[in-house]
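Data block below; observations after.
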Amino acid sequence: TPLGEDEYFVRTEKVPVGVELAEEIVEWPVERWLAQARQLFRNPLIDLLEGQSNSQVVIPSQVVARSGEVVSPSLVALGQEMYQELFKDTLEYSLTSAQAIAHYSGEILQLRLGTKDRRISSLPWEVLHAGDRPLATGTDVIFSRYQPNTCLPKQTRTRTPEEPLKILMAIAAP
């Protein structure tokens, strides 16, 4: 939940039995993360189609993380920084406890990220990296995100059995 310029209230809402609820007020460099993500997701083919040369696209050779660490710009580095800034203090303890309980009980942990801010929801949360391990593509965590207080429109009519059912499914590899 946004509190001010780059200041957010983050909390856990549903946790396994035995895990304490956590909440923190954090300060994130959202504009820098968004700019870095735009550069990393930029398609050079679009530049060519728009008549721009590659020399006009500037990607910095180094990015200084808030920890002071100098990293090369990459989705992994961005995901690592976002993970470190999201899971600190009580939130880190809550996640670690939930992961341990899920592992011990042989279950998969479901991590749902709900965002109430348009800028925050524009960030590529799917690139979160716990160290060198991607969080969203692991086999021990199911990651999804949603926007709270939104709902699908109510269906106005009932389908007959003869009507085709349309399903949109997106699958990525690997």
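In terms of modelled amide H atoms, which long-range or inter-chain residues lie less than 5 Å from the amide H of A130?
Close amide H contacts, sequence-distant or interchain: L135.
Taking a 1.4 Å probe, which of R159, R32 shows the most accessible area, and what order do the others take after it?
Solvent-accessible surface, decreasing: R159, R32.
The values are calculated or read from the model by the stated rules, or taken from the named source; none is laboratory data. Given the structure is predicted, the values throughout are model-derived calculations rather than measurements. Just the protein is used for accessible areas: all its heavy atoms, side chains included, with ligands, DNA and RNA removed. Shrake-Rupley method; radii C 1.70, N 1.55, O 1.52, S 1.80 Å.
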